1. Of the labelled options (i) 73, 25, 19; (ii) 45, 23, 20; (iii) 51, 21, 15, which one gives Cα extents along the principal axes in Å as computed for this structure?
2. For a quick check: sort M54, M1 by the number of other beta carbons within 10 angstrom, fewest at the front.
3. Taking the number of other C-beta atoms within 10 Å as the exposure measure, put T78, T14 in order starting with the fewest.
4. Skipping prolines and chain starts, which residues have an amide H placed within reach, meaning under 5 Å, of the one on V37, given they are 5 or more residues away or on another chain?
5. Using the Karplus curve 6.51 cos²θ - 1.76 cosθ + 1.60 with θ = phi - 60°, what ³J(HN,Hα) values do you get for each residue of segment 57-73, in whole Hz, with x for Gly and Pro?
6. In debye to the nearest 20, how big a dipole does segment 3-75 give about its Cα centre with +1 on each Lys and Arg Cβ and -1 on each Asp and Glu Cβ?
7. Of A61, A71, A45, which has the largest mean-square fluctuation in a 10 Å C-alpha GNM of the chain?
Amino acid sequence: MTDNLASWLAVLDTFERALDAADDQLDPTFEPPPGPVPEELRERAEAVLARQQMMIRGLTASRANVARELAALRRVPTGSPDAPAYLDVEG
């Protein structure tokens, strides 16, 4: 096995583990191995990329949902602590 192939195998293993455990974080000092991904790893690398893109889309949608919820919460009027407050949760 060439050094380049071994290096890329290690990178793909790391990415796949991070995707499998979405809360794991990659090393922030990550540097890809020199040179292109070896041809024999192209299909696997494309699958990893597709999973990463799907995760990004999901996180983007979640972020937008959270932003909408926060905006709605900011619109809830605040009153004095001794006054009763009612919130229409069905309307």
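1. Recomputing Cα extents along the principal axes in Å here picks out (i).
2. M1, M54
3. Fewest-to-most ranking of T78, T14: T78, T14.
4. none
5. Couplings: 4, x, 5, 5, 5, 4, 5, 5, 5, 5, 4, 5, 5, 5, 4, 5, 5 Hz.
6. Here the size comes out at about 820 debye.
7. In this elastic network of the chain, the residue with the biggest mean-square fluctuation among A61, A71, A45 is A71.
A short reminder: the numbers here are calculations on the coordinates, not readings from a lab. Every value quoted in this text rests on a predicted model; they were computed, and no experiment measured them. Methodologically, a virtual Cβ is constructed for each residue, glycine included, from the backbone with ideal geometry; neighbour enumeration extends over all protein chains shown.
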